[in-house]
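Below is one structure; the comments refer to it alone.
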Amino acid sequence: MMSRDIEEITNNKMEIGKNALKTNITAALAVSESLKSTFGPKGMDKMLVTDDEIVITNSGSTILELMELVHPAAKMMAELGKTQGKEFGDGTTASVIIAGELLKKALELVDMGIHQGIISSGYKTALSKSLEFLDSITMELELKDIDSIALTMLRGKITEADIRFFSTLVNAAVNLVRGDKDRIYINYRPGGGIKDSTVFDGVYIDLGKRVHPSMPRNVKNARILLIDREFDLIKPKHTKLDINSVQSLNEVVEYKKKVMRAAVGVIARSSVNVVLCSKNIAEEAMFFMAKAGILGVRDVEKKVMQHIAEATGAKVLINVNEVSPDVLGYAGYVEESKIGNEEIMYIKKPKYPNMVASILIRAGNKTLAIELMRKMKELVEVLCRVAYDKKILPGGGATELELAERLRIFSRRVPGKEQLAIKAFAEALEEIPKILAKNAGINPIDILAGIKRGHYAGFTNIGFNAVTRKVGDTVEHHIFDSYAVKRNAIISATEVASLIVRVDDVFMNKDSKVMMKQKPEEPPQQIVEPPITPQGKFDLRYALKGLR
């Protein structure tokens, strides 16, 4: 009755109690279920089709970024994964899966008559104990373990030899900038082999080339001017130029030449020999720069320009008249090179070494190159985190199983129904090794039983090796996870799940996209209570709108 009354006096559609919870959980589970098959080294890829490109990837962050979601609970799950990926580089899919399993278990508990508040409280207690247990099984990072973390993240995409090669590149970059991920620049160039990828102390401008063929190709002892605007005449607003004769046109052309000659003269007198501009450079300016022996490059990305400023000590100017030796950047040399049929501009031996490390990814085709670039960016995030806290955990689901076993023991001492929520939390964590096994083509129940036997016997490192498809000591086989990544994934997943579980009413504006996406011919009860089968299959229609 209350729902009908509110709908009559507002422009809202209302769902209350269990109906609201089921709708929210179903929408959230649609997201987590869609990512499960991509999880782990044997995970499958997704083909994402947008208006202008086709993306093939198993990166959780990329998949979530390209999903256009409508339901608010689905959006919360996507935001959980994207934030995890952005902040930590890894754990995107794991965090979404854990959150989904917590919600699935919560719905089962609600069906048993347990209040949502008790479930949320139990999850928070389980999280607190999990973090205690997590700290007790961490290991100190050793130098030889760096490659192992890379192998754990990149298996299935490229060969083990190539993974070790990329691990060396990324580790060199991380060491160059002393673990500051924001000072590592990564881009790709299709063509060549994976082993043609490089890392160096400095910056490169992809597709950067001289704007005039008479300009020098290489400049030693470069004195660099950075300009964040067009190197051209300022076009005044609300002004009409009336050209009614050839003489008038010639006067305008000569005036522009005069101004550009003067502008280039200003920078030449300041000993500038390299000009990098974020926008266009006028043809007249190109000519006078070439005549003065100045190398000019246009359309430099602002992010790249900022890296150049950090490495060379340059200040980014808007007004050319502000140029002076104090605002210039300095580098050992700037050179134009060619990779395939396209140019690239290198800035090496900058004034401030170890300020920016650049990685150029090479691969046989664009699709692989882009996917490797994504993986390298994720690996940079993870290795920078690991380099900071120097803590790792056993991988292959060993950590999740150990936490689950300890939580079960702990739950026996917890009075009341909260005990059931803690046990449900433990069961949700067990989904990680089960999915790893399933994606490797192995019966997940058999694998889970094998791992449990090891943990019952006191071997905390026993987990699933997806490469050998066997249960074993993951530390012995160098299968590791980052402590920081794992810790945050569990925390974030629990927080989002608890947030959704505690929602008992949903008010939706009747003009909202969620309401408009519902088909009028479908009975309302099918929207309020989407089917949830015992096999765990969920209807995606109310959560996923499609792809951008």
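The helix-only estimate of mean residue ellipticity at 222 nm for the chain, built from DSSP H runs of length n ≥ 4 each weighted as -39500 (n - 2.57), is -15500 deg cm²/dmol after division by the residue total.
Pairs exceeding 29 Å between alpha-carbon atoms, taken from LYS42/LYS86; LYS348/LYS391; LYS235/LYS315: LYS348/LYS391. Diffusion of the stretch 206-348 by Stokes-Einstein, at 4 °C in a medium of 1.567 mPa s and with Rh set to the Kirkwood radius over alpha-carbon pairs, works out to 82 µm²/s. Using a cutoff of 8 angstrom between alpha carbon atoms and counting only pairs six or more residues apart, the relative contact order for the chain works out to 28 percent. Length, then width, then depth: along the principal axes, the Cα atoms of the stretch 233-310 run 48, 28, 16 Å.
Amide hydrogen proximity for ILE339: with H placed 1.01 Å from N in the peptide plane, the residues at 5 or more positions away or on another chain lying under 5 Å are ILE344. Taking other residues whose beta carbon is less than 15 angstrom from the beta carbon of LYS256, and scoring Lys, Arg as +1 and Asp, Glu as -1, yields -2.
With N denoting the number of residues in the chain, provide Rg(C-alpha) divided by 2.2 N^0.38 Å, to two decimal places.
On the way: Rg = 29.0 Å, N = 548, 2.2 N^0.38 = 24.2 Å.
Computed over Cα atoms of the chain, the ratio equals 1.20.
Working note: Karplus 6.51/-1.76/1.60 with θ = phi - 60° gives the stretch 489-505 the couplings 4, 5, 4, 5, 4, 5, 5, 5, 4, 4, 5, 5, 4, 7, 7, 10, 9 Hz, where Gly and Pro are set to x. Each part gets one Cα centre, and for the stretch 19-75 versus the stretch 283-349 those centres are 41 Å apart. Within the straight-line cut-off of under 14 Å between alpha carbons, the aspartates and glutamates reachable from LYS124 are GLU132, GLU418, GLU495, sequence neighbours fewer than 8 places apart in one chain being disregarded. Identify the trypsin sites (Lys or Arg not before Pro) of the stretch 192-281 meeting these criteria: DSSP loop state and at most 11 other C-beta atoms within 10 Å of the C-beta. Answer in residue order: LYS237, LYS240. Only beta bridges with both residues in the chain are counted; by DSSP, about 70 percent of them are antiparallel.
Values in this text are rule-based calculations from the coordinates and carry no lab data. What you are looking at is a predicted structure, and each value in this text was computed from that prediction instead of being measured. With ideal geometry, Cβ positions are generated from the backbone for all residues, glycine too; neighbour counts draw on all protein chains shown.
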